[in-house]
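For reference, the structure is listed below as C-alpha cells.
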Amino acid sequence: MKVLVVGGGGREHAIIKKLKESKKKPELYAAPGNGGIAADAVCVPIKATDIDAMVEYAVENGIDFCVVAPDDPLVLGMVDAMEEKGIRCFGPSKAAAALEGSKVFSKGLMKKYGIPTAAYETFDDPQKALEYVKAQNSYPTVIKADGLALGKGVIIAEDFDAARDGIHSIMEDKIFGQSGNRIVIEEFLTGPEVSVLSFTDSHTLVPMISSMDHKRALDGDQGLNTGGMGTVAPNPFYTEKIAKQCMDEIFIPTMNAMNAEGRPFKGVIYFGLMLTPNGPKVIEYNCRFGDPETQVVLPLLQGDLLEIFEACRDERLADVAFSFSARSAACVMLASGGYPVKYESGKEITGLDENGQCDKAVIYHSGTKRVDGKFVTAGGRVLGVSATGKDLMQALGRAYEAAEGISFEAMHYRKDIGKRALSAVR
C-alpha cells in the first residue's frame, strides 16, 4: 500500500514514524518532506500547496492513500482534488477546513450552536474596529486575523495604543497578507490552556490524550508568539471531569454543528481550549494535527494509525479499537537564532547519527536539509526532541538530556517546557 504524506515538518515526521509501525507495512512517501523525514520515507520535491502537481504525482505513481497534514493545502481543497481522482484521503474537505481557515466562520458557528467561546465581534473596516475597542475599554483584548497566519495571527493588546497598532498592522500594513482583510476582536480569557486533538469520521469523535503547548519564544512565557516551542502530554489541568464536560458541551456539539451546516468533518479537529473560571471555552479550532502537539500525542498512541486514518475516511471509526498509554511525553523544540523573526539557515547540526536521530530521545525534524551527508538547518523551528517516561519529570529529563547533546550555530530553546505542568502535579 502506497501512502503519501503531504507536508515537510515535525508533525509530518511524527505521523510518518507512527505509520511505519502499521501492520499494513505501507510504502511511505512525503512531499516535500525534509532531511530527517528522508530516513523514513521517499521524499518528493513538490510544494505542499501545489495541488495540481501533488494530485498528478499521486495519480501517476499509484498512491493508494494520501494524508494531507498541513492547514494550507487543506483550506485550499487538496482533499477534494485527490478524492475526485479516486485517491482516498485523510483530512477534511475544503468546506470543512473553514473551521480553521476562517476565524469569522468558526466564531459564527460557535455563536449559532451555543458552543462556549470568548465574546467577540468581527470587522472588515479598521476604523469601526478601533471604535469598538475604544467603546469596550477592556484590556487586554485579543485581535485575530481571519485567515491562516502560520499560527502567529493573534495580537494580545495590553492597552488602547497597542490595540490601535495591532489593528493597523493586520488590516492596513497586511503583516499577515490577505488573512488580515477581516479581523475578530474578542475578550481576553484567563486560565490554563489545553490542546485536545480528536479523530472524527463525522459520526463518531474520539479525543486523543490532552497536551500543553508553549507558544512564547522565551522562558517564562516571554517574547513573541511562535508556532510552538515545546509540548507535554498529558495536560494535568485537564481532569476526567473537565474532559466529560468538553465532550458534552464542545466536542460533540462541534461535530454535529458541522454536519448541520452541510460541512461534515472527517479527519482531526484540534480543540484549543481555555479552562476559565466559568468553565472550558474554545480559543481556536484547527482542522489538522497540531505542531508540536503531534510530537507528544502520537508516541503515546496504542493502535494502528493507518487503520485509524482509513476508518475516519470511510466513516467507520467506531469499529477501530485504540487507546493511549498511561505514560507521559515531552517535546522540546530547538530553534534557529532569531526565530520567530529573522533567522539564518544552512547551519550544520551536530549530535545526530546518520539517520538524524540520537540515543536518548526521538528526533522529529521540522526544518532540516541533508547536504553532502550532513544535516543543516532549513527553518525557524529545526528539531523537536521528544521523549516518553513513566511520568512527566522523567520524560522532560530525557528530552532535555538529548537536547544538550545537539548543537548548531545560534541554536536556542526554552529551558522551562513543562514547568507549569509539573507544578500542577506536585
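The values are calculated or read from the model by the stated rules, or taken from the named source; none is laboratory data. All of these numbers come straight from a predicted model, not from anything done at the bench. We place every Cβ from the backbone using ideal geometry, glycine too, and count neighbours over all the protein chains shown. SASA here: full protein model, heavy atoms, side chains in, ligands and nucleic acids out. Shrake-Rupley method; radii C 1.70, N 1.55, O 1.52, S 1.80 Å.
Observations on the model:
- For the stretch 353-426, the set of GluC sites (Glu not before Pro) satisfying both a DSSP loop assignment and a count of at most 11 other C-beta atoms within 10 Å is given as Glu354.
- Here the simple spin-label model places points 7 Å from the Cα toward Cβ, and for Asp52 and Met1 these points are separated by 3.2 nm.
- In this calculation the C-beta distance from Arg164 to Lys112 is compared with R0 = 45 Å, giving a FRET efficiency of 0.90.
- Helical runs (DSSP H, four residues minimum) scored at -39500 (n - 2.57) apiece and divided by the length of the chain put the mean residue ellipticity at 222 nm at -8000 deg cm²/dmol.
- Fraction of accessible area attributable to carbon and sulfur, the chain (%, probe 1.4 Å): 49
- Take every Cα pair under 8 Å whose residues are at least 6 apart in sequence, average their separation, divide by the length of the stretch 138-231, and the relative contact order is 23 percent.
- Taking only the C-alpha atoms of the stretch 276-403, Rg followed by Dmax gives 17.6, 56 Å.
- Placed amide H near Phe375: partners under 5 Å, 5+ positions off or other chain: Ile349
- Between the entries (1) 25.5; (2) 30.6; (3) 21.8, the label attached to Kirkwood radius over Cα pairs in Å calculated for this structure is (3).
- The chain, relative contact order [Cα under 8 Å, separation at least 6], %: 17
- More than 24 Å apart - percent of Cα-Cα pairs taken over the stretch 84-179: 30
- Taking Cα centre as origin and charging only the Cβ of basic (Lys, Arg, +1) and acidic (Asp, Glu, -1) residues, the dipole magnitude of the chain rounds to 700 debye.
- With each label modelled as a point 7 angstrom along the Cα→C-beta vector, the Gln394-Lys415 pair spans 2.6 nm.
- Per residue accessible area of the chain, 1.4 Å probe, in Å²: 41
- Shown for the stretch 139-237 is the translational diffusion coefficient from the Stokes-Einstein equation, using the Kirkwood radius over Cα pairs, a temperature of 4 °C and a viscosity of 1.567 mPa s: 85 µm²/s.
- Neighbour net charge for Leu109 - beta-carbon separation under 13 angstrom, K R +1, D E -1: +2
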